[in-house]
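K.L.:
Sending over a structure as structure tokens; questions will come in a sec.
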Amino acid sequence: MLALACAAQFMVVLDISVVNVALPSIQRALGTDEAGLQWVVNAYALAFAGFLLLGGRLADLFGRKRIFGIGLVVFSGASLVGGLASSASLVIVARAVQGLGAAVLAPATLTVLTATFAEGTARTRALATWTAVGIAGGTAGNLVGGVLTEYLTWRSILLINVPIGAAVIFLAARFLGEDDGRGQGRHLDVAGATLATAGLTLLTYGIAQARTHGWGGSVTIVALAAGAVAVVLFVVVEARFARAPLIPLRLFRSRALIAGNMALLLAGGCLNPMWFFLTLYMQKSLRYSPLQTGLGFLPHTLVAIVVGVRVTPWLMRHVEGRLVIVAGALIAAVGFWWQSRITADSGYLLGILGPAIVFSVGSGLLNTPITTTVTSGIDAADAGAASGLMNTTKQFGGALGLAVLVTVAGSDLDTPDALAADYGRAFLVIAGLLVAVAAVALTLPVTRDGERRRALND
């Protein structure tokens, strides 16, 4: 069960990052600027975020095995279409459908784990492995993307998902146990899913338009207002009309869930966009090839995996989980402050490796305790909904953060020095957001494994 869940999670996260190193090649081939290029990333992230709530509930209502398989088929089919696409618009649409498939698949992987492993040390170890595989998929995507783009074409970064997906589909059909699902009948909150997706997309689109039209521009204001209205209507539908709400409002009685998701929103706005700006910095300012860029990301993976798998679970047995999160966020903030001081003349050691070691230690420390906190104390019937909410928060944070940071960093200059300064501003904002993550983490309840049940009662 753990191997299957981790394999599927690896595939989903791989596709978040596999496009990063190929972004400059996609930009040249499809003829788009950086404001447009972000939608190759955000089309996936927003569809992923918007439909994760529905995807999480599907696993509860219709069974993990069935939904796991459907998610894999949709994801792999969209990868094939995107890899064969001949226009930027079709690539973006395919990426959105990939996000839909990932939204169905990702909560099922976490639901498999929470249904298989009881709360405590066993679940912490399983979640630490799941988190580490996600981190590995993120940076392996950069290396794989660099190799494929360098020696084949950017199209291969999407087509590679087809054989991987086929293998996981075969293994799931053979080894994943049958279950009929549970919950409040077989009702789907389609209205809620539509409003959630529309709200998140419009809010992100509005922020992205601020770069071109300004914060006072009519396009920006209308998009932000429409997004806010959609979010409010979503809450109303969930509270009053949905027969099987995507997010049962009773979940928000948990202080851990509220504060944990706020921390995830801010952390997602930092850690996910980081790949976008580091990729462009390495290839546009430092003039690295796609392969060199992919190799340049290896330290990020190795450090985060070692810390996430070996150090963090040990710390969580001896130190309050919220303190581990605070330490991780502050260490990562220092790393991104260092990263913000880059110039076009920064070498690899001071411009990439040094900051990478610092903020990767921080990210390795904070990911697992946040995940453990948000998913603890949730009834089995709501495990998919809680998982979907957690993943939605993180992915929406990433999409929103990227839109904000592209707006903050954007300029019309295209020299290596100007680009390095632009990206440095983005990294400085990320450092500030991570300080906010540390502040939010202090409001979390105690989550040391040995004290978890007492903390939940408190």
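K.L.:
In this structure, does Thr111 turn out to be crowded, with 21+ Cβ neighbours inside 10 Å and in contact (Cβ under 8 Å) with a residue 12 or more places away in the chain?
P.N.:
Working: crowded, with 21+ Cβ neighbours inside 10 Å: yes; in contact (Cβ under 8 Å) with a residue 12 or more places away in the chain: yes.
For Thr111, the condition - crowded, with 21+ Cβ neighbours inside 10 Å and in contact (Cβ under 8 Å) with a residue 12 or more places away in the chain - is met.
K.L.:
With the requirement that a residue be of a type in the set (S, T, N, Q) and either not assigned by TED's automatic domain parsing to the domain that holds Thr407 or not in a helix (DSSP H, G or I) (or both), what does the range 12-52 give you? Step through it out loud before you land on a result.
P.N.:
Of all residues in the range 12-52, those of a type in the set (S, T, N, Q) come to 17, 20, 25, 27, 32, 38, 42.
Result: Asn20, Thr32.
K.L.:
Quick check on the range 23-33. Is at least one of its residues modelled with pLDDT of 75 or more and within 19 Å of the chain's Cα centre (by Cα)?
P.N.:
Checked the range 23-33: at least one residue is modelled with pLDDT of 75 or more and within 19 Å of the chain's Cα centre (by Cα).
K.L.:
Look through Gly192, Gly199, Gly206, Gly268 and report the one residue that is out of contact with any Gly (no Cβ under 8 Å at 6 or more places or on another chain) and buried (at least 22 other Cβ atoms within 10 Å of the Cβ). Talk me through it step by step, then tell me what you get.
P.N.:
Details: Gly199 fails: out of contact with any Gly (no Cβ under 8 Å at 6 or more places or on another chain); Gly206 fails: out of contact with any Gly (no Cβ under 8 Å at 6 or more places or on another chain); Gly268 fails: out of contact with any Gly (no Cβ under 8 Å at 6 or more places or on another chain).
Selected residue: Gly192, the only one of Gly192, Gly199, Gly206, Gly268 that is out of contact with any Gly (no Cβ under 8 Å at 6 or more places or on another chain) and buried (at least 22 other Cβ atoms within 10 Å of the Cβ).
K.L.:
Follow-up question, since we're still on this one. Sort through Arg341, Arg317, Arg322 and tell me the only one that's touching a helix residue (DSSP H, G or I) at 6+ places or on another chain (Cβ under 7 Å) and at pLDDT 90 or above. Working first, answer last.
P.N.:
Details: Arg317 fails: at pLDDT 90 or above; Arg322 fails: at pLDDT 90 or above.
None of the other options fit; the residue is Arg341.
K.L.:
Just one of Leu52, Leu72, Leu90 is under 21 Å from the mean Cα position of the chain (by Cα) and modelled with pLDDT of 85 or more; which is it?
P.N.:
Matching residue, one of Leu52, Leu72, Leu90: Leu72.
K.L.:
Tally up the residues in the range 135-171 that are under 16 Å from Gly71 (Cβ atoms) and at pLDDT below 80, please. Explain how you work it out, then say what you get.
P.N.:
Going through the range 135-171, the residues under 16 Å from Gly71 (Cβ atoms) turn out to be 137, 161-162, 164-171.
Those still in the list that are at pLDDT below 80 too: 137.
Residues flagged as under 16 Å from Gly71 (Cβ atoms) and at pLDDT below 80 within the range 135-171 amount to 1.
K.L.:
Can you pull out every residue in the range 142-159 that is over 18 Å from Val41 (Cβ atoms) and not in a helix (DSSP H, G or I)?
P.N.:
The answer is Leu152, Thr153.
K.L.:
Only one of (1) closer than 30 Å to Ser25 by Cβ; (2) of a type outside the set (S, T, N, Q); (3) at pLDDT 85 or above fails for Leu271. Which number is that?
P.N.:
Tallying (1) closer than 30 Å to Ser25 by Cβ; (2) of a type outside the set (S, T, N, Q); (3) at pLDDT 85 or above, Leu271 fails exactly one: (3).
K.L.:
Something else: Here are Val93, Val162: which of them is surrounded by fewer than 20 Cβ atoms within 10 Å (Cβ to Cβ), touching a Ser or Thr at 6+ places or on another chain (Cβ under 9 Å), in a helix (DSSP H, G or I) and assigned by TED's automatic domain parsing to the domain that holds Phe51?
P.N.:
Details: Val93 fails: touching a Ser or Thr at 6+ places or on another chain (Cβ under 9 Å).
The unique qualifying residue is Val162.
K.L.:
Among all residue pairs at least 6 apart or on different chains, which show Cβ distances below 7 Å where the first residue, located in the range 221-236, is over 14 Å from Ile247 (Cα atoms) and the second is of a type in the set (Gly, Ala, Ser) and in a helix (DSSP H, G or I)?
P.N.:
From residues that are over 14 Å from Ile247 (Cα atoms), the pairs are Ala223/Gly206; Leu224/Gly206; Gly227/Gly199; Gly227/Gly206; Ala230/Ala198; Ala230/Gly199.
K.L.:
Just give me the residues in the range 408-431 being among the charged types (D, E, K, R) and either at pLDDT below 80 or surrounded by 14 or more Cβ atoms within 10 Å (Cβ to Cβ) (or both), in sequence order. First the steps, then the outcome.
P.N.:
Keep residues of the range 408-431 that are among the charged types (D, E, K, R), which gives 412, 414, 417, 422, 425.
The answer is Asp412, Asp414, Asp422, Arg425.
For every residue, the table says whether it meets (1) under 22 Å from the mean Cα position of the chain (by Cα); (2) modelled with pLDDT under 90; (3) within 30 Å of His213 (Cβ to Cβ).
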{"position": "Phe359", "(1), (2), (3)": "yes, no, no"}
{"position": "Gly362", "(1), (2), (3)": "yes, no, no"}
{"position": "Val374", "(1), (2), (3)": "yes, yes, no"}
{"position": "Ala385", "(1), (2), (3)": "yes, yes, no"}
{"position": "Leu402", "(1), (2), (3)": "yes, yes, yes"}
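K.L.:
Restricting attention to the range 53-65, report how many residues are more than 14 Å from Ala8 (Cβ to Cβ) and in a helix (DSSP H, G or I).
P.N.:
Result for the range 53-65: 8.
K.L.:
Can you find even one residue in the range 109-130 that is within 23 Å of Ile370 (Cβ to Cβ), part of a helix (DSSP H, G or I) and among the aromatic types (Phe, Trp, Tyr)? It would help to see each step written out before you state the result.
P.N.:
Of the residues in the range 109-130, the ones within 23 Å of Ile370 (Cβ to Cβ) are 109-130.
Checking which are part of a helix (DSSP H, G or I) leaves us with 109-116, 121-130.
Within this subset, residues satisfying the condition of being among the aromatic types (Phe, Trp, Tyr) are 130.
Checked the range 109-130: at least one residue is within 23 Å of Ile370 (Cβ to Cβ), part of a helix (DSSP H, G or I) and among the aromatic types (Phe, Trp, Tyr).
K.L.:
Looking at (1) of a type in the set (Val, Ile, Thr); (2) at pLDDT below 85; (3) crowded, with 24+ Cβ neighbours inside 10 Å, which one does Thr293 not meet, given that it meets all the others?
P.N.:
Only one criterion is unmet by Thr293, namely (2).
Yes/no per residue for (1) buried (at least 24 other Cβ atoms within 10 Å of the Cβ); (2) in contact with a Phe, Trp or Tyr (Cβ under 9 Å, 6 or more places away or on another chain):
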{"position": "Met1", "(1), (2)": "no, yes"}
{"position": "Ala7", "(1), (2)": "no, no"}
{"position": "Gly31", "(1), (2)": "no, no"}
{"position": "Ile67", "(1), (2)": "yes, no"}
{"position": "Val73", "(1), (2)": "no, no"}
{"position": "Ser79", "(1), (2)": "yes, no"}
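K.L.:
Let me ask something additional. From the list Leu23, Leu84, Leu37, which residue is within 19 Å of Leu148 (Cβ to Cβ), surrounded by fewer than 22 Cβ atoms within 10 Å (Cβ to Cβ) and in contact (Cβ under 8 Å) with a residue 24 or more places away in the chain?
P.N.:
Testing whether each residue is within 19 Å of Leu148 (Cβ to Cβ), surrounded by fewer than 22 Cβ atoms within 10 Å (Cβ to Cβ) and in contact (Cβ under 8 Å) with a residue 24 or more places away in the chain leaves just Leu84.
The values are calculated or read from the model by the stated rules, or taken from the named source; none is laboratory data. Computed from a predicted structure; not experimentally measured. Cβ: placed from backbone, ideal geometry, glycine included. Neighbour counts: every protein chain shown.
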